[in-house]
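Peer 1: One structure follows; several queries about it will come next.
Read-outs: derived from the displayed coordinates by stated rules, not from any lab. A quick note: this is a predicted structure, and the numbers were derived from the prediction, not measured. Neighbour counts are summed over all protein chains in view; Cβ atoms, including those assigned to glycine, are modelled from backbone coordinates with ideal geometry.
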Amino acid sequence: MRRAVAAELLRAVSGFSFIAAALYFFLIPFFVLTQTSGFDGLSGVSSVEASHAFFRPAGSISIATASIAASSVTREFYYESIDRSLILNGKRQLLLAKVAATAIVGAGMSLFLLAAWSAIGLIWLRNPGLSLVFDEVTLEVGLGMVSASLPAVAFGCLLA
């Protein structure tokens, strides 16, 4: 099982698909932030309220995690390597290895996105004269973002 997870981890982070997945991870919350009207009127709000409004779209990362997990399965069919993977591992072991590897990659990318999102928030909120405030709510959103990506991985793998 350890070898199957290692192979799936290598497959998940190699090639151009990892770059596309990382970009997708960033663009989903960015589009939610910029295309919704909930973040337009920052005049007259406190830094705490603006920070909460800024971190809310980061919760949409589980959508990206589910689609990346689904692509890990569908890529096998696209490259016609699913037969070899099933022969070497078996159905159950291959699915568990894909879920485990995608969960590790998804959690790592979620933590990276949380750090990058915080850095962007420092710059984004400076323009209207606000500052990014880290309190219990932003911590809950950050931890919720990482923990919501884990069930999304299983859903994405089973969806494909």
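Peer 1: Quick one: how many residues across segment 10-35 are of a type in the set (Gly, Ala, Ser) and more than 18 Å from residue 146 (Cβ to Cβ)? Show your work before the answer.
Peer 2: Quick first cut of segment 10-35, residues of a type in the set (Gly, Ala, Ser) only: 12, 14-15, 17, 20-22.
Checking the rest, the ones that are also more than 18 Å from residue 146 (Cβ to Cβ) come to 14-15, 17, 20.
Selection size over segment 10-35: 4.
Peer 1: Taking segment 68-95 on its own, how many of its residues are among the polar types (S, T, N, Q) and farther than 26 Å from residue 28 by Cα? I'd like the intermediate steps shown before the answer.
Peer 2: Step one: filter segment 68-95 for residues among the polar types (S, T, N, Q), giving 71-72, 74, 81, 85, 89, 93.
Narrowing the set further to residues that are farther than 26 Å from residue 28 by Cα leaves 81, 85, 89, 93.
Qualifying residue count, segment 68-95: 4.
Peer 1: While we're here: Suppose we keep only residues that are assigned to a helix (DSSP H, G or I) and not charged (D, E, K, R) within segment 129-142. Which one would you say is surrounded by the fewest Cβ atoms within 10 Å (Cβ to Cβ)? It would help to see each step written out before you state the result.
Peer 2: Step one: filter segment 129-142 for residues assigned to a helix (DSSP H, G or I), giving 136-142.
With not charged (D, E, K, R) added as a condition, the list becomes 137-139, 141-142.
On the way: 137: 15, 138: 21, 139: 11, 141: 19, 142: 21.
The selected residue is 139.
Peer 1: Could you please find all residues in segment 83-94 being over 14 Å from residue 11 (Cβ atoms) and either assigned to a helix (DSSP H, G or I) or touching a Ser or Thr at 6+ places or on another chain (Cβ under 6 Å) (or both)? Please lay out each step first, then the result.
Peer 2: Just the residues of segment 83-94 that are over 14 Å from residue 11 (Cβ atoms), to begin with: 83, 86-87, 90-93.
83, 86, 87, 91, 92, 93 - these are the residues of segment 83-94 that are over 14 Å from residue 11 (Cβ atoms) and either assigned to a helix (DSSP H, G or I) or touching a Ser or Thr at 6+ places or on another chain (Cβ under 6 Å) (or both).
Peer 1: Given the criteria in a helix (DSSP H, G or I) and among the acidic types (Asp, Glu), does residue 80 qualify?
Peer 2: Against the criterion (in a helix (DSSP H, G or I) and among the acidic types (Asp, Glu)), residue 80 does not qualify.
Peer 1: Hey, another quick one. Restricting to segment 70-86, name every residue that is of a type in the set (A, V, I, L, M) and more than 24 Å from the chain's Cα centre (by Cα).
Peer 2: Keep residues of segment 70-86 that are of a type in the set (A, V, I, L, M), which gives 70, 73, 82, 86.
Within segment 70-86, 82, 86 meet the criteria.
Peer 1: Considering segment 113-128 alone, what residues qualify as being hydrophobic (A, V, I, L, M, F, W, C), assigned to a helix (DSSP H, G or I) and touching a residue at least 24 places away in the same chain (Cβ under 8 Å)?
Peer 2: Step one: filter segment 113-128 for residues hydrophobic (A, V, I, L, M, F, W, C), giving 113-117, 119-120, 122-125.
In the following step, the residues that additionally are assigned to a helix (DSSP H, G or I) were identified as 113-117, 119-120, 122-124.
Residues satisfying the conditions are 113, 114, 116, 117, 124.
Peer 1: Which pairs have Cβ atoms under 8 Å, sit 6 or more apart or on different chains, and link a residue in segment 13-24 that is closer than 11 Å to residue 68 by Cα to one that is among the polar types (S, T, N, Q) and surrounded by 15 or more Cβ atoms within 10 Å (Cβ to Cβ)?
Peer 2: 17/71; 21/71; 24/67
Yes/no per residue for (1) surrounded by 12 or more Cβ atoms within 10 Å (Cβ to Cβ); (2) in contact with a strand residue (DSSP E or B) (Cβ under 9 Å, 6 or more places away or on another chain); (3) not polar (S, T, N, Q):
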{"position": "35", "(1), (2), (3)": "no, no, no"}
{"position": "49", "(1), (2), (3)": "yes, no, yes"}
{"position": "63", "(1), (2), (3)": "yes, no, yes"}
{"position": "89", "(1), (2), (3)": "yes, no, no"}
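Peer 1: OK, next. Which of the residues belonging to segment 1-18 are more than 16 Å from residue 90 (Cβ to Cβ), part of a helix (DSSP H, G or I) and of a type outside the set (A, V, I, L, M, F, W, C)?
Peer 2: First, pick out the residues of segment 1-18 that are more than 16 Å from residue 90 (Cβ to Cβ): 6, 9-18.
Add one more test, that the residue is part of a helix (DSSP H, G or I), and what stays is 6, 9-13, 16-18.
Those that are more than 16 Å from residue 90 (Cβ to Cβ), part of a helix (DSSP H, G or I) and of a type outside the set (A, V, I, L, M, F, W, C): 11, 17.
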